[in-house]
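Here is the structure we will look at.
All of the numbers you see were taken from the coordinates with simple rules; none came from a lab. These figures come from a predicted structure and were not determined experimentally. Glycine gets a Cβ as well: all are built from the backbone with ideal geometry, and neighbour counts include every protein chain shown.
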Amino acid sequence: MILVVHRSAPLRRLLVASLAELDRSVVAASTAEQALELIKRHEGHFSLLVTGNILPGMDGPELALRFRQCCGPVVPVIMTSAYERPPDGACDVFIREPFEVADVVRAARRLTG
């Protein structure tokens, strides 16, 4: 299962639809708080987190840390941002916004096998 967290509803919907083509379930949240609820509800079932670096409630690196605490330290994270690069170690792949959704799908395919 893939978790997509992004504050932009149109981009979030596009990512969900595109990542579903990888034959994986995809769930989405618009805030870190919603994402944490999904992480608790589906604990142990996530194979990837795709998140923005700037989110309502907390930043992407903090969400990634909490995600990995629940899902395991080796579950990959893709982070996107138009503003700033996350700190080293916060994610496995960083993609600068604006981006082509195909770039995220390629990275997800590579990270999840």
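For Thr31 and Arg68, compute 0.36 nm times the residue count separating them, minus their Cα-Cα distance, and round to one decimal in nm. The partial results should precede the final answer.
On the way: separation 37, 0.36 × 37 = 13.32 nm, distance 1.71 nm.
Length difference between fully extended and current span is 11.6 nm.
About the Cα centre of the range 36-113, what is the dipole size in debye to 20, counting +1 per Lys and Arg Cβ and -1 per Asp and Glu Cβ, all else neutral? Intermediate results must be reported in sequence, preceding the final value.
Numbers: 9 positive and 10 negative charges, 55 e Å.
Roughly 260 debye for the range 36-113.
Quick one: plug the Kirkwood hydrodynamic radius of the chain (C-alpha pairs) into Stokes-Einstein at 20 °C, 1.002 mPa s, and report D in µm²/s.
Numbers: Rh = 13.5 Å.
In µm²/s, the coefficient is 159.
Please build a GNM for the chain, connecting alpha carbons under 10 Å apart, and tell me which residue among Leu63, Leu11, Leu49 fluctuates the most.
Comparing Leu63, Leu11, Leu49 in a Gaussian network model of the chain, the most mobile one is Leu11.
Residue by residue, what Karplus-based ³J(HN,Hα) values in Hz, rounded to whole numbers, does the range 81-90 have, using 6.51, -1.76 and 1.60 with θ = phi - 60° and x for Gly and Pro?
6, 8, 9, 9, 7, x, x, 4, x, 6
Counting other Cβ atoms within 10 Å, which GluC sites (Glu not before Pro) in the range 47-113 have at most 12 and lie in a DSSP loop?
Details: sites: Glu62, Glu84, Glu100; in loops: Glu84, Glu100.
Qualifying residues, ordered by number: Glu84, Glu100.
Which one of Pro56, Pro86, Pro76 has the biggest mean-square fluctuation once the chain is modelled by GNM with Cα springs under 10 Å?
Among Pro56, Pro86, Pro76, the largest GNM mean-square fluctuation belongs to Pro56.
How far, in nm, would the chain grow between Arg110 and Ala9 when pulled straight, counting 0.36 nm per residue and subtracting the alpha carbon separation?
Values: separation 101, 0.36 × 101 = 36.36 nm, distance 2.52 nm.
Separation in residues times 0.36 nm, less the Cα-Cα distance, equals 33.8 nm.
Lys/Arg Cβ at +1, Asp/Glu Cβ at -1, dipole of the chain taken about the Cα centre: which of Pro76, Ala20, Ala102 is farthest positive-ward?
Checked the options; the winner is Ala20.
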